[in-house]
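Student: Just passing along the structure, written as structure tokens.
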Amino acid sequence: MDGFRNILTEEKEGVLYLTINREDKMNALNFATLEELREIFDRVMEDKSIKAVIITGAGEKAFVAGADIREIAELNEVNARKFAENGQEIFSVIENCQKPVIAVTNGFTLGGGCELAMACHMRIATSNAKFGQPEVNLGIIPGYGGTQRLTILVGRGKANELMMTGDMIGAEEALSLGLVNHVLPTKAEAMAKAEEIIHKIMSKAPLAIGMIVDCVNAVYLSEENGYQTEANSFARCVKSGDYKEGTSAFLEKRKPIFKGE
Ligand code: COA
């Protein structure tokens with residue numbers, strides 16, 4: 001599988017390795033990268049030779065430092081809802097993939113990056129990984145399922161704290177919260193751990209693995225409306241002056257001054 005501009009792909013022993021490859025932009029997820037993810041996962045479902053997927057970010061600094069703020073800065077209320085729903089849809093395809101998907105999170109795993117990692121079935125972090133949902137610094141909220149999946153993974157109180165403060169946490173704290181499954185010192189060791197788990201899963205009955213995915217996800221089906229609330233709220237944020245101020249301040253490399261309007 002090749003021909004993608006923003007994602008490197010490599011197949012080895014039944015495992016498809018995906019590397020988000022926008023290193024100069026901290027692997028930020030722009031629209032084109034999300035569409036590539038959608039196409040890749042459509043092919044993963046159909047391609048019998050692919051048994052599992054590992055996703056990581058290029059370089060040592062970032063897994064993915066969020067959705068691309070240059071694109072976020074151009075949203076209006078109408079396309080903001082579509083923006084959120086589109087990301088939610090692609091991440092839901094990943095979450096529902098019938099083959100195991102593991103994120104190896106190296107470095108900054110922020111915003112849409114944390115949301116992408118949370119949509120995977122498991123997360124293995126390097127010890128320099130940093131997790132957070134810093135959207136509030138831009139006058140917006142997580143829009144790719146983060147308000148729902150973070151709450152499911154770490155519980156209401158900690159999810160509120162992380163999303164309301166925009167604070168980043170380290171890999172060990174993420175481990176203690178249940179946000180990640182394992183922490184390893186280096187990217188090579190994190191990748192080796194992901195491979196060990198993936199190969200163990202690949203030795204089991206594939207249909208049963210797909211059913212575990214369906215059954216585990218079914219636990220949360222009653223919460224699906226929360227995703228709609230999230231997309232609507234995300235679109236409402238984009239109407240505000242604080243959103244203009246937050247995104248401009250990031251791109252102009254200064255501190256935002258929010259007015260609550
Ligand atoms: N979208 C677009 N570009 C991004 C980005 C994002 N989410 N995150 C980082 N970048 C870009 C920076 O603009 C910079 O580009 P430039 O060299 O053209 O100016 C480049 O990546 C390097 O980032 P920089 O901020 O210089 O690195 P740093 O080591 O000082 O800080 C971060 C790293 C991750 C802490 C910082 O980039 C950051 O806060 N990013 C935004 C995180 C965020 O808010 N994510 C949620 C978005 S919804």
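The values are calculated or read from the model by the stated rules, or taken from the named source; none is laboratory data. Quick caveat: nothing in here was measured; it's all calculated off a predicted structure. For accessibility, only protein heavy atoms count, side chains too; no ligands or nucleic acids. Shrake-Rupley method; radii C 1.70, N 1.55, O 1.52, S 1.80 Å.
Student: Using Cα-only point scatterers and the Debye equation, what is log10 of I(q)/I(0) for segment 206-251 at each q in 0.16, 0.18, 0.21, 0.29 Å⁻¹, rounded to two decimals?
Tutor: Taken in order of the listed q values, log10 I(q)/I(0) reads -0.63, -0.67, -0.74, -0.96.
Student: Now, a different point. For helix 225-237, report the angle its Cα long axis makes with the longest principal axis of the Cα atoms of the chain; keep it between 0 and 90° and round to the nearest 10°.
Tutor: 40
Student: Here's a follow-up. How large, in percent, is the carbon and sulfur part of the accessible surface of the chain at a probe radius of 1.4 Å? Spell out each step's value before the answer.
Tutor: On the way: 6690 of 12280 Å².
So the carbon and sulfur contribution to the accessible surface is 54 percent.
Student: Read phi for every residue in segment 163-177 and hand back ³J(HN,Hα) as whole Hz from Karplus 6.51 cos²θ - 1.76 cosθ + 1.60, θ = phi - 60°, with x for Gly and Pro.
Tutor: 6, 6, 8, x, 5, 9, 10, x, 5, 5, 5, 4, 5, 5, 7
Student: Given contacts defined as C-alpha pairs under 8 Å and at least six residues apart, what's the relative contact order of the chain, whole-number percent? Mind showing how you got there, number by number?
Tutor: Numbers: 505 pairs, mean separation 51.8, N = 261.
Relative contact order, the chain: 20 percent.
Student: Next question, about the same structure. Please turn the phi angles of segment 62-67 into ³J(HN,Hα) values with the Karplus equation 6.51 cos²θ - 1.76 cosθ + 1.60 (θ = phi - 60°), one per residue in order, whole Hz, x for glycine and proline.
Tutor: Result, ordered by residue: 9, 6, 8, 8, x, 5 Hz.
Student: As a test of the formula, what do you get for the chain when each DSSP H run with n ≥ 4 contributes -39,500 (n - 2.57) and the sum is divided by the residue count, at 222 nm and rounded to the nearest 500 deg cm²/dmol? List each step's numbers first, then the result.
Tutor: Working: 11 runs with 126 residues, N = 261.
Theoretical 222 nm ellipticity from helices: -15000 deg cm²/dmol.
Student: Let me ask another. Name the shape class, rounded, prolate or oblate, that the alpha-carbon gyration tensor gives for segment 7-202, where a ≥ b ≥ c are the square roots of its eigenvalues, rounded holds for a/c under 1.5, and otherwise prolate holds if a/b is larger than b/c and oblate otherwise.
Tutor: Numbers: a/c = 1.62, a/b = 1.21, b/c = 1.33.
Note, shape of segment 7-202 comes out oblate.
Student: Can you list the residues, at least 5 places off or on another chain, whose amide H is less than 5 Å from the amide H of ARG22, using H built in the peptide plane?
Tutor: Residues meeting the criterion, in which the H sits 1.01 Å from N, are ASN27, ALA58.
Student: Separate question: Measure nothing but the geometry: give the 0 to 90° angle between the long axis through the Cα atoms of 77-95 and the longest principal axis through the Cα atoms of the chain, rounded to 10°.
Tutor: Taking Cα atoms only, the helix is inclined about 20 degrees.
Student: I'd like the distance separating the alpha-carbon centroids of segment 48-80 and segment 84-103, in whole Å.
Tutor: 12
Student: Let me ask another. With a 1.4 Å probe and all protein chains kept in place, how do PHE258, PHE91 rank by accessible area, largest first? List each step's numbers first, then the result.
Tutor: Working: PHE258 90, PHE91 0 Å².
Correct descending sequence by accessible area is PHE258, PHE91.
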